[in-house]
1. Condition (residue is out of contact with any helix residue (DSSP H, G or I) (no Cβ under 9 Å at 6 or more places or on another chain), farther than 26 Å from residue 227 by Cβ and in a helix (DSSP H, G or I)) applied to segment 300-322: is it met by at least one residue?
2. Does residue 247 satisfy the criteria of being in a helix (DSSP H, G or I) and in the same structural domain as residue 144 (by TED's automatic domain parsing)?
3. Say whether the condition of being within 30 Å of residue 59 (Cβ to Cβ), in contact (Cβ under 8 Å) with a residue 40 or more places away in the chain and surrounded by 19 or more Cβ atoms within 10 Å (Cβ to Cβ) is met by at least one residue in segment 212-221.
4. Could you count how many residues in segment 98-126 are more than 23 Å from residue 198 (Cα to Cα) and touching a residue at least 40 places away in the same chain (Cβ under 8 Å)?
5. Exactly one of these conditions fails for residue 252: (1) over 28 Å from residue 108 (Cβ atoms); (2) free of Cβ contacts under 8 Å to residues at least 40 places away in the same chain. Give me its number.
6. Going through segment 343-377 one residue at a time, which ones are free of Cβ contacts under 8 Å to residues at least 40 places away in the same chain and more than 19 Å from residue 329 (Cβ to Cβ)?
7. Can you name every one of the helices (runs of 4 or more DSSP H) wholly within segment 45-132 that holds 3 or more residues which are outside the structural domain of residue 33 (by TED's automatic domain parsing), in contact with a helix residue (DSSP H, G or I) (Cβ under 9 Å, 6 or more places away or on another chain) and under 23 Å from residue 162 (Cβ atoms)?
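The values are calculated or read from the model by the stated rules, or taken from the named source; none is laboratory data. This one's a predicted model, so the numbers in the text were calculated from it and none came from an experiment. Neighbour counts are summed over all protein chains in view; Cβ atoms, including those assigned to glycine, are modelled from backbone coordinates with ideal geometry.
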């Protein structure tokens, strides 16, 4: 599918050190422009702070790549990773500047410890007008708030730090399992890109989820349905945005590997979600549904603060009829995606990932409560897929990429292609 769209990578993209310098300069320059625009035009002070710091880092990285041919890529990578991610994240964690979802995650962990549930009960929600009293995340997300709940405040217990650690580990594994080369540089490059760095520095709740989505599909590439079910089930136990990945992974396995593999995948994924969310469903199912289903759909008493002017939100803001129309259109669109899995299921991992990208894009564009930050899902999945597809190519004789990560190339080529 990617080849048909003219976006299939070549062997030169197997490492940051073998990419043509003009492409690397363009990537850092575009990142600097984006960060500068955030710093100048955002109405959120946290966003503006990140934009100012990151724009300088990306601009310096672009200059270094142009000026230093031999080691410019590595120095630029270090500059962007530190200047666009580490420094802004450390400063914001130290000063307590953050988006509300960080507080929601931290509070959910405290509630889990003291009340046995990460959710406010129905009585408390009925008397509140604060949208941040709701917790739209599934129970596994509360684990990221445990360091703060157990050890108190401070930079090292900030949930964003642990979002980042989990992302780097899971995304690195996803690259390696998928067959990418030069995985450490690529993992750092992805983390330093505006797609991840911006989200992680200011909030970051979606960052570990998308990393587990990549890992789940990487394991499908290696024909490991049980491990893929574990990874995608974990993502699905963090937030409902990961649920479409379960359907698409199941459809791929039925066609490619047969019903037995698909049943193993489904059983493991369902078991993970059941173990993580089941106790809270039985404890207070009404509260879980209000927080994780009704609130994100805009059907709770209080509406979400996620209000980017995408079509779904714009139409929902016209009134009850507009909101009902958006929910209905969203449901029809998702049913159409499900129907497409039955009529024309994906037969390879790239096809499955692109189907997920389409499904998630439809979901976020049409959702009544949405924000531009959700682009992290389709963007990160596409970045991961392109890196992996480049890594699975055999370099031409004499190509500089042939010298990149030789040991891993031998292992990757031994893996069955999807």
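1. yes
2. Answer is yes for this residue.
3. Looking through segment 212-221, at least one residue is within 30 Å of residue 59 (Cβ to Cβ), in contact (Cβ under 8 Å) with a residue 40 or more places away in the chain and surrounded by 19 or more Cβ atoms within 10 Å (Cβ to Cβ).
4. Looking only at that region, the number is 10.
5. Residue 252 satisfies all of (1) over 28 Å from residue 108 (Cβ atoms); (2) free of Cβ contacts under 8 Å to residues at least 40 places away in the same chain except (2).
6. 343, 344, 357
7. Once the helices (runs of 4 or more DSSP H) in segment 45-132 are filtered for at least 3 residues that are outside the structural domain of residue 33 (by TED's automatic domain parsing), in contact with a helix residue (DSSP H, G or I) (Cβ under 9 Å, 6 or more places away or on another chain) and under 23 Å from residue 162 (Cβ atoms), what remains is 100-115.
Results for (1) touching a helix residue (DSSP H, G or I) at 6+ places or on another chain (Cβ under 7 Å); (2) in a helix (DSSP H, G or I), shown as yes or no for each residue.
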{"site": "165", "(1), (2)": "no, yes"}
{"site": "168", "(1), (2)": "yes, yes"}
{"site": "175", "(1), (2)": "yes, yes"}
{"site": "180", "(1), (2)": "yes, no"}
{"site": "186", "(1), (2)": "yes, yes"}
{"site": "191", "(1), (2)": "yes, yes"}
{"site": "199", "(1), (2)": "yes, yes"}
